[in-house]
Amino acid sequence: MDETFYRQFHIIVCGLDSIIARRWINGMLMSFLNYEDGMLDPSSIIPLIDGGTEGFKGNARVIIPGMTACIECTLELYPPQINFPMCTIASMPRLPEHCIEYVRILQWPKEHPFGESVPLDGDDPDHIQWIYQQSLERASQFSIKGITYRLTQGVVKRIIPAVASTNAVIAAVCATEVFKIATSAYIPLNNYLVFNDVDGLYTYTFEAERKENCPACSQLPQNIEFPPTAKLQEVLDYLTNNASLQMKSPAITATVYGGNKTLYLQTVASIEERTRPNLSKTLKELGLVDGQELAVADVTTPQTMLFKLHFTT
């Protein structure tokens, strides 16, 4: 969908299944904002209502782009996806999930049960059945119980269990906030609500604060500091590992010697191969200078993010 699709709405309700998708729609709405003489044009704002659940826990939030905290402002609040250590999976499995992951990560690529060119498809019952049977065999070797077809599918597809009561509460909160904003009947949620009914019923509302240097909504280039001897690989690692950025496949470009230069791009195989040697070069060798602006594109946002490079000694 291009931006014209999203511009037609007055309010957007978000019930997406991943953090990356949430960050993308957040970036799209931030790109709509217009500023005149440093003042935000209210007519360019499209409010975002976001809700999510995980088992008996849920949250809902109201985002007024350019005025309240956005998804990127609170990126550290989202827990990282659970991954199991490879050494545990391969040599000391203790959980049913370890056995399933062993088959998925190690056995499938090695045995190619449905042909060399056939990737694992979590929606194919035959593929899940094969993973399930192989996982049962591995579990029996380590006296591990609890492997079921449903668990196998959940591990392969990273399925988070849905609880109807939690979904109903969060859906009701989102619908209420849409009504309040659409009718101006009452002040909207300010601006983050958490819900937990694991043991009894618990709700809590707090105001998530905007980050002054938020890469999505601050309208300012992000400052990054590296010595001139640092390798481009170190910059790439920073973009992917920093808790406030968490990029997935950043593409880095810069204006060098008067021309626009792609320093690294990994989503296109031919360009990745051509720019890969740059990763082992220092920033100075690449022609970058103190105060240099780097333009970074990533799948987590439709916006190109700007970073100002400062050399340290």
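The values are calculated or read from the model by the stated rules, or taken from the named source; none is laboratory data. Model, not experiment: these values are computed from the prediction. As a convention, Cβ positions derive from the backbone with ideal geometry for all residues, glycine included, and neighbour counts pool all protein chains shown.
Among the β-branched types (Val, Ile, Thr), under 23 Å from the mean Cα position of the chain (by Cα) and not in a helix (DSSP H, G or I): which single residue out of 68, 74 fits that description? Break it down stepwise before answering.
Details: 74 fails: not in a helix (DSSP H, G or I).
Every option except 68 fails the conditions.
Looking only at region 189-202, which residues are surrounded by 15 or more Cβ atoms within 10 Å (Cβ to Cβ) and either over 22 Å from residue 75 (Cβ atoms) or of a type in the set (A, V, I, L, M) (or both)?
189, 193, 194, 197
Given the criterion crowded, with 18+ Cβ neighbours inside 10 Å, closer than 23 Å to residue 223 by Cβ, of a type outside the set (Asp, Glu) and free of Cβ contacts under 8 Å to residues at least 40 places away in the same chain, identify the matching residue among 263, 245, 309.
263
Would you mention how many residues in region 1-19 are loosely packed, with under 15 Cβ neighbours inside 10 Å and outside any loop (DSSP other than H, G, I, E, B)?
Qualifying residue count, region 1-19: 4.
Does at least one position in region 47-62 carry a residue that is among the hydrophobic types (A, V, I, L, M, F, W, C), without any contact (Cβ under 8 Å) to a residue 60 or more places away in the chain and not assigned by TED's automatic domain parsing to the domain that holds residue 150? Before the answer, list the steps.
Here is the first cut: in region 47-62, the ones among the hydrophobic types (A, V, I, L, M, F, W, C) are 48-49, 56, 60, 62.
Checking which are without any contact (Cβ under 8 Å) to a residue 60 or more places away in the chain leaves us with 48.
Then drop every residue that is not not assigned by TED's automatic domain parsing to the domain that holds residue 150, which leaves 48.
Yes, there is a match, as at least one residue in region 47-62 is among the hydrophobic types (A, V, I, L, M, F, W, C), without any contact (Cβ under 8 Å) to a residue 60 or more places away in the chain and not assigned by TED's automatic domain parsing to the domain that holds residue 150.
Taking only pairs six or more apart or across chains, which ones have beta-carbon atoms under 7 Å, a first residue in region 84-106 that is under 18 Å from residue 128 (Cβ atoms), and a second residue that is part of a loop (DSSP other than H, G, I, E, B) and among the small types (Gly, Ala, Ser)?
Hits for this filter: 96/146.
Table: residues versus (1) modelled with pLDDT of 95 or more; (2) surrounded by 16 or more Cβ atoms within 10 Å (Cβ to Cβ); (3) within 20 Å of residue 85 (Cβ to Cβ).
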{"residue": "106", "(1), (2), (3)": "no, no, yes"}
{"residue": "117", "(1), (2), (3)": "no, no, no"}
{"residue": "121", "(1), (2), (3)": "no, no, no"}
{"residue": "132", "(1), (2), (3)": "yes, yes, no"}
{"residue": "135", "(1), (2), (3)": "yes, yes, yes"}
{"residue": "145", "(1), (2), (3)": "no, no, no"}
{"residue": "153", "(1), (2), (3)": "no, yes, no"}
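Residues of region 206-235 being farther than 15 Å from residue 75 by Cα and either at pLDDT below 90 or under 16 Å from the mean Cα position of the chain (by Cα) (or both), which ones?
Correct list: 219, 220, 221, 222.
Quick one: what pairs do we get from region 273-290, first residue charged (D, E, K, R), second outside any helix (DSSP H, G or I), C-beta under 6 Å, 6+ apart or different chains?
If the second residue must be outside any helix (DSSP H, G or I), the pairs left are 284/228; 290/311.
Within the group 257, 238, which residue is farther than 28 Å from residue 64 by Cα and within 24 Å of the chain's Cα centre (by Cα)?
Values: 257 fails: within 24 Å of the chain's Cα centre (by Cα).
Being farther than 28 Å from residue 64 by Cα and within 24 Å of the chain's Cα centre (by Cα) holds for just one of 257, 238, which is 238.
When you go through (1) among the hydrophobic types (A, V, I, L, M, F, W, C); (2) in a loop (DSSP other than H, G, I, E, B); (3) within 19 Å of the chain's Cα centre (by Cα) one by one for residue 296, which number turns out not to apply?
Going through (1) among the hydrophobic types (A, V, I, L, M, F, W, C); (2) in a loop (DSSP other than H, G, I, E, B); (3) within 19 Å of the chain's Cα centre (by Cα) one by one, residue 296 breaks only (2).
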